[in-house]
Every structure is written in structure tokens, then in C-alpha cells.
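No value in this document is a laboratory result; all are computed from the given coordinates. Treat the numbers as computed from the prediction; the structure is a model and nothing was measured. With ideal geometry, Cβ positions are generated from the backbone for all residues, glycine too; neighbour counts draw on all protein chains shown.
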Amino acid sequence: MNFIRSIIFLFCILFTTHAFGKSNEYYRAVLVNFLTDCDSKCQKEVFEREVHQAFFSLMDAILNQLRFELNEERKKLWEKNSL
């Protein structure tokens, strides 16, 4: 149950803060280019690139959380076996 809560929490945190991780100028430039200079193929590529980047950031955060939780469980087991 904790694992599922952690995944949901990370998912929410990542996608709500991902937009703040990049500057407003970056998004402004992408949006202006997306709406004015891009054809449909270019728009698709930009969209896919942003989705892929967000997905990999999410997976990285999930893996980091899993590493942390596994490390904590290992510490608990180590302490339990030491007693």
C-alpha cells in the first residue's frame, strides 16, 4: 500500500512541478515556434519530445524513490538482525 501511495505521490509531484523546472522563456519559445513556424510533423515531434522527457523524468523519480525505500527496508532488516 505504501508503494502505491509513493508512486501516486511521485506522479503528482513530478507532473505538477515539471513545468516549473524549465524557465518561462523556454516554454514561451517552444509555444511560439509550435504555433507559428511548425507544420503538423514538427508539432508532432515537439509534442513527442516533451512527453518523452516528462516520462523519463517520472521514471527517474520513481526509481529514486524505490532505491530510497529499499535502502530503508535494508536498514530495518540490518538493525533487526543485529539485535
According to the square roots a ≥ b ≥ c of the eigenvalues of the Cα gyration tensor, what is the shape class of region 29-83, taking rounded for a/c under 1.5, prolate for a/b larger than b/c otherwise, and oblate for the remainder? prolate
With label points set 7 Å from each Cα along the Cα-to-Cβ direction at TRP78 and ASN64, the distance between them in nm comes to 2.2 nm
